[in-house]
Every structure is written in structure tokens, then in C-alpha cells.
Ligand SMILES: *Cc1c(COP(=O)(O)O)cnc(C)c1O
């Protein structure tokens, strides 16, 4: 099907919730994807921090094919060995506790809200206040848009669930004022992703940990985007010298097979008891098998060389900033990088598309890159060439 025909048919068939870019992708290999006409793009967005191993990774293709031929789904009425093995791997990479599996980031955060409220309710009926940060992003269900501190995402969906409150990021005194004994949880992202890639300060996160301890509230870190080595460590919160009580994962966990996870520490891992929560698909044999392979490939093939790749990637960003005055700052951590521009982010993105480079624009001033974690010198050099060609036109 040609692009124009697809676009026409989509307008009649698909509910128009997305402002899509004018590209339809057909296939991919490694860090490269190809559109319906065969045009090649360097994928520096990875399906929004999902395809960390790039496209059609041979080990992942093999693992998914083997599992699909064996057993795709059973429901959670039965035991699933892949699911148990995956929960054990997640605990081994973070801290001891137990995991609940679902199918997306929003669902994982929904489960976290239920866990926090259940634990709070059991202590005191009034212990149900939930704190989150302004400019955060936690998902698109009714409850997770309420958790998300962006009024524009909540508009028109009244009445929203109550007792959610928002605090300015990196403002420790405002955070302290928001706390009282009725707070049951504080949600944070280690790096605010959708807002435009803004890392939290270590001092603020430490203060958050102290206040949660003082008021017996859960510190819940939304690692949906920052997790699975996106920031260079398994969890974005591993850059801080604290442990959360709960973290959630989704995007990169199974490289594109839908899966979400909530991991809870020993203190709260049994709060959601039998019949309190469930998911038909959650952690099914296929998605869990894919996630296990992602973790194996990462540990065996990617993590050992990652520091060197990150050094090259960040040096390249710095060189671009030095060369082009439209770039005012570089923000981010690991493979989560934003260029803060003076202006024209949508136009820069359109020129990137023309030059065969995928990224995304947030507002007028931010270009965001979430490259696959498999990139090497060749891809970084190609990225630099393409960005140089693009920015020469501004
Ligand atoms: C993408 C994202 C979500 C939502 O995940 P979905 O799978 O789209 O529901 C939640 N939190 C963060 C931090 C995200 O980046």
C-alpha cells in the first residue's frame, strides 16, 4: 500500500487520537528502519524507548518464534515458569521483593496506585493522599492522567478521582510542605521523560526518601521509560543512593511485546493479596520469554561496552552544541537525551525526517533522542553526519 492511500484509509478507520508524523514504517534491522517506499531511517527514537535491542534482533526473533510455537498464553489461572523466572531476574537486578505483571506502563502505575491506597487504607481510612510532580507523565487511563501533573492531559475528563496533589520538581521545601500523615505514596520519575527529559536532583530524591520514611508513605518510582538500562543502569533510580519501595517498568522490558511490571519491596510485597488485582494477559509466556531474552542479551552483549558507547554519544552531542548556536543546552542521562533549542523544533524534526533520522519534537524548543542501546561507532557517526546536514539549514 502506498503512503497516501494508507493515510486516507486511516482517517476513515482509526479514532484520531494521534498527531502522527507523515511516515509509515515497513521493516527494520538493527538501528535502521525502512518506510513503505524503501527509504532508510536511522532510528534514534526506538519506538519511544521500547526497542532497546533495535529491530529484528536475531536472538529475540528466535526466542519469540520458539515460544510462539510452544505456548503463547494460558491466563493467570495457571502457573507460568517464564513469568516466575522474569520476576526473579527483576528482583536480582534491583532489590528483593515480588513482582506483578500487566501489559503497559499505565497499567503498572494503576497497580501501584491500588497498592498504595490498599496499604494506606489498612493503616487509616484517611491515609489515601497521593503526591506526584508537576510536568510528570504516568499514563493515559483516568487514574494515571490524574496522577500526571499536567492539567492539559486532564481537561474534559471530569470528575477525576480525588486526593492527588502535585509538587514542583526539585523543590524540596514545597515537597516537605505537601507531606502529612495522610499521604500514602509519592510518585517520581527518575528523569521526567515526556516533559522534555529533565533529570531529578539527587538531593531532592534523598529528601523524598526521608519524607516517605518519616510519614510512612511509599516512595514509588515510575521507571516505565527510565528502566531496563535506558539511562545506562538497569533503573534510573540506581543513580541515587536510595531505594524506592516500589518501581514500575514497561517500555523497554520486552522490546515491543506488550508487558508492564510492578516490583514491590519486602515491606509492601504482599499488600495486594488474592482477588485484589488481576490481568488476563499480564506476564503471559510469550511476553515474559521476550523480556527474559532482552535481559540476557543486554547483560551478555550490551552492558559490557555501554560506558564507551555513552561517552562517544555524549561527546557527539557536545560537539553538535559547540558547532550550532541553535542548540542551547543538552539534557538527559544515558540514552535519554534532549537538545534544548532556541526555536523551531518541529522544523528541525521535519528536516531530520527528510535526512533519514528519527527522533521527536516536544513543543517548540526540544528535540528528544531515545536511540536503541545497540548503537555503536557507526550509528553515532551517521547520526552526527545527519544532524550536521540538518542543522546547517538553520
Ligand atoms: C510512557 C510512559 C508511561 C505510560 O506507558 P504506556 O505503556 O503508554 O501506558 C508511564 N510512565 C512513564 C514515565 C512513561 O514514559
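Ordering 259, 362 by the number of other Cβ atoms within 10 Å of each residue's own Cβ, fewest first, gives 362, 259. Treating r as the C-beta distance of residue 173 and residue 121 and R0 as 30 Å, the FRET efficiency rounds to 0.55. With contacts taken as Cα pairs under 8 Å and at least 6 residues apart, the chain reaches a relative contact order of 22 percent. The stretch between residue 181 and residue 315, if pulled fully straight at 0.36 nm per residue, gains 43.6 nm over its current Cα-Cα span. Subtracting the Cα-Cα distance of residue 141 and residue 392 from their residue separation scaled by 0.36 nm leaves 86.2 nm. Annotation: for a label point projected 7 angstrom from Cα along Cα→Cβ of residue 134, residues of the stretch 170-185 with backbone N closer than 20 Å are 170-180.
FRET efficiency for the pair residue 347 and residue 385, taken as 1/(1 + (r/R0)^6) with r the Cβ-Cβ distance and R0 = 22 Å, rounds to 0.70. With neighbour counts taken as other beta-carbon atoms within 10 Å, the residues 388, 226, 80 rank, fewest first, as 388, 80, 226. Peptide packing for 238-246, 316-324, 294-302, 17-25 was compared via the average number of neighbouring C-beta atoms within 10 Å per residue; ordered from the highest value, the list is 238-246, 294-302, 316-324, 17-25. With Rh defined as the Kirkwood radius, the inverse of the mean 1/r over Cα pairs, the Rg/Rh of the stretch 229-382 is 1.04. Modelled this way, with points 7 Å down the Cα-to-C-beta line, the labels at residue 9 and residue 163 are 4.9 nm from one another.
Short-range pairs are left out: with C-alpha atoms under 8 Å and at least six residues apart, the relative contact order of the stretch 291-394 is 25 percent. The stretch between residue 91 and residue 154, if pulled fully straight at 0.36 nm per residue, gains 19.3 nm over its current Cα-Cα span.
Averaging the Cα positions of each part gives two centres, and for the stretch 313-389 and the stretch 127-203 these lie 28 Å apart. Taking the inverse of the mean 1/r over every pair of distinct Cα atoms in the chain gives a Kirkwood hydrodynamic radius of 21.9 Å. Approximating the spin labels as points 7 Å out from Cα along Cα→Cβ, the residue 270-to-residue 98 distance works out to 0.7 nm.
Note on the stretch 26-95 and the stretch 252-312: Cα centroid distance 11 Å, given to the nearest whole angstrom.
Readers should treat all values here as calculations from the given coordinates under stated rules, not as data from a laboratory. All figures in this text were calculated on a predicted structure; none of them were measured in a lab. Note that we place each Cβ from the backbone using ideal geometry, even for glycine, and neighbour counts take in every protein chain shown.
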